[in-house]
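What follows is one structure encoded as structure tokens, with my remarks underneath.
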Amino acid sequence: MPSLLLDALLLQAGYNAALVALGAALLGMAAGSGGTFLFLRKRALVSDAVAHATLPGVGIAFIVMVVFGGDGRNLPGLLLGSAVSASLGLLAVQWIASRTRLAEDAAIGAVLSVFFGFGIVLLTIIQTMSSGYQAGLESFLLGSTAGMLFQDAVVIALGGALAVAFVLLLRRPMTLVAFDAGFATASGINVRRMDLAMMGLVMAVTVIGLKLVGLILVVAMLIIPPVTARLWTERTDRVLLIAGAVGGFSGYLGAALSASAPNLPTGPIIVLVSFALFLLSLLFAPGRGVLAALVRHRRFQLRVHRRQGLLALAHGEAIFDPLTLTVLRRERLIRQDAVATEEGRALAAKTLRDEKRWALARQVYQDEAVSGSYDGLTPIESVLTRDEIAEIDRRLGPPAPVA
Amino acid sequence: MNNAALELASEAGERVFRPAPTDSPLAMQELTVSYGEKPAVFSIDATVPAESMTAIIGPNGAGKSTLLKAALGIVPRLSGRVMVFGAPLAQVMHRIAYVPQRASVDWDFPTRVIDVVLMGLYRELGLLHLVRHHHRERAIACLERVGMADFADRQIGQLSGGQQQRVFLARALAQNAELYLLDEPFAGVDAATEKAIIDVLKSLKAEKRTVVCVHHDLATVTDYFDHVLLINVRKIAEGPVATTFTAENLQKTYGGRLATAHIDQLKLPAA
């Protein structure tokens, strides 16, 4: 199996597997970058409604094609049908949210379930039809690569490339609309049209991704990559790039993994790969990751305890907090019996002195740069120059020794 | 049509727009906006004089911000007309800069201070042009004007409220407009920021640009502005601060909500 995976990764596992892997990578890039603006505009869930609303379109397109004498397997035809019903679903969500007193989340819930339910009814009816080639229609639910044709892969690859180009072209107005819609309007951007373009993009990605990952999971390809990317950067252009990369990589690796063993479903594997990337990022990302936050919090807590402890020593007060005692003992500022060492007394005196310096400095310099940086922890030497501190010391008088 | 004919026509129930003076940077005629069936702004006429500093003043819920947003096409108008530099809004968008309320955006958005200021240049950059060194320098120069050049690479979530407001102002400066519309630029900012902002606004006026602010602090009106528009859903009064910002007009605008004692303490223009 490992060699099978290697073959798949290097596109050596056969023509079909290579086709699927490349298609999935392009689709992942398109979905990741397109989903970025959806995520930044805080409308991630709308894509779920859009995805579920594709199902009745697939069913109706199949029936129409069979009625007109085809076998119903024509992929562009099925995708066209799904696009039409997805736009109807989208319009329904927007109409409910803007024209009634219902909020968008309620509209999404209603539209999603009604369209999906109707689609399932149609699929059931289709199974009982005597003509047409029904097998494989359920693969629109969870996606499948079995029996994928070259032309299917071309549709996915072309659509994915177009979607990426579209995102690059509209990245500026879309960023502006997502950040500040009022300002965007006042800059001459038509916000409604831009939202429509964004949803159109999401719909296109959903529709071309249907065959590969299925309508239930395609939303994950839109949302997980930008959410993952957000953990790594504070810049919109980089969120876009990283999301595209995460999406493309998960598509590629997921498709290769599913090709390396029989009967591994492609869509769910792609989603699991991107989820693994998300989980790693959530834990280990430097700025916004969970571990980084824990470490930062703990360090801050220790600094606060150290300062409180030193001030207590300076005032000759007893320390009861066990964490404070531990911090001071570890730095050998106090002995085991909590009596200050030589070093501890010196540092305590300095802390008290700095506290007095700060108090005076905040009176003398009433600007933000000085008083804004006072938090009890920032060393005064990092805010004021040496001669400024000397002047403050002169006004404070000689330091009092700590008993 | 002369005035007498206009009045006859409007008495007969016809909708008549009086011709606005073409030189006004912002003229509103019978502007009405409503959320649902309750008007937020009702039939307001106003003409902002060129190169002035105009304050829009009124109590909470008087429709001050709504008026500004309707003038910019951010909220739809129910009726009425807006002319900017004597032309319909769509033709003169590039001559306007807008500073929205600070609270209207998500400050956890993945963007840095410099990126926000560069947004003021998007109109100029279009879809395809790359951000070049001279664009960046212009953005830094705008940050310099509001005293924020050192913060260019900070994530916007790390800024204080006053600093956020300054960044928004810098973005508007980057647009290099002739008409500046600001929604509560002094709300909840520290004293240093208030000073920095008013200095920039006064320098804009000195550069022969027009500034319009939604403003809530009655105590500073006479110091900061030369023209006022008092509204409370309807227009109460409009004119130069010296003749319009009077105790009588304030009482009409605020009704019982503003105690007479409070008005007495205000620095009103000498009658």
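Below are the figures for this structure:
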read-out	value
Computed helical MRE - 222 nm, chain A, DSSP H runs ≥ 4 contributing -39500 (n - 2.57), nearest 500	-24000 deg cm²/dmol
Tensor-based shape of the protein assembly as shown (alpha-carbon gyration tensor, a/c under 1.5 rounded, otherwise prolate or oblate)	oblate
Other-chain or far-sequence residues with amide H under 5 Å of residue B:234's (modelled H)	B:42
About the Cα centre, charge dipole magnitude for the range A:2-266 (Lys/Arg +1, Asp/Glu -1 at Cβ), debye	660
Which of A:143, A:10, A:98, positive extreme of dipole for the range A:2-266 (C-beta unit charges)	A:98
In order through the range A:244-249: 3J(HN,Hα) via Karplus (6.51 cos²θ - 1.76 cosθ + 1.60), integer Hz, x for Gly, Pro	x, 5, 4, x, x, 5
Descending semi-axes in whole angstrom, ellipsoid equivalent of the range A:222-262, from the Cα gyration tensor	25, 8, 6
Residue among A:68, A:140, A:118 with the largest mean-square fluctuation in a Gaussian network model of chain A, springs linking Cα atoms under 10 Å	A:68
Residue-wise HN-Hα coupling along the range A:68-76, computed from phi with Karplus coefficients 6.51, -1.76, 1.60 (Hz; x: Gly, Pro)	8, x, x, 9, x, 9, 5, 5, x
Burial order of peptide ranges A:57-65, A:30-38 (average beta-carbon count within 10 Å, highest first)	A:30-38, A:57-65
Other-chain or far-sequence residues with amide H under 5 Å of residue B:190's (modelled H)	B:162
Cα gyration tensor shape of the range A:48-149, rounded if a/c is under 1.5, else prolate or oblate by comparing a/b with b/c	prolate
Overall dimensions of the range A:106-150 as given by Cα atoms, namely Rg and Dmax in Å	13.5, 41
Estimated 222 nm signal from helices in chain B, with DSSP H stretches of n ≥ 4 weighted -39500 (n - 2.57), rounded to 500	-10000 deg cm²/dmol
Beta bridges per DSSP with both ends in the protein assembly as shown, % antiparallel, nearest 5	55
Inter-centroid distance (Cα atoms) of the range B:125-146 relative to the range A:75-105, Å	39
Considering only chain B, percent of DSSP beta bridges that pair antiparallel, nearest 5	55
Ordering of B:95-103, B:150-158 by burial proxy (mean other Cβ atoms within 10 Å per residue, highest first)	B:95-103, B:150-158
Long-range Cα-Cα pairs in chain B (distance over 24 Å), rounded percent	52
Given B:205/B:252; B:208/B:235; B:202/B:252; B:195/B:252; B:38/B:252; B:38/B:235, the pairs whose alpha carbons are separated by over 23 Å	B:205/B:252; B:208/B:235; B:202/B:252; B:195/B:252
Proximal charge balance of residue A:165 [Cβ under 15 Å; K/R count +1, D/E count -1]	+2
Within the protein assembly as shown: Cβ-based charge dipole about Cα centre, in debye rounded to nearest 20 (Lys, Arg +1; Asp, Glu -1)	620
Neighbouring partner chain Cβ atoms per residue of B:162-174, average, 10 Å criterion	1
Fluctuation leader among A:204, A:53, A:318 - chain A, Gaussian network, Cα springs under 10 angstrom	A:318
Largest to smallest principal axis extent of the C-alpha atoms in the range A:291-396, angstrom	41, 36, 19
Gyration tensor (alpha-carbon) shape descriptor, the range A:2-266, a/c threshold 1.5	oblate
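Bear in mind that the values in this text are calculations on the coordinates, not laboratory data. Everything quoted here is computed from the prediction, not taken from an experiment. Glycine also receives a Cβ, built like all others from the backbone with ideal geometry; neighbour counts cover every protein chain displayed.
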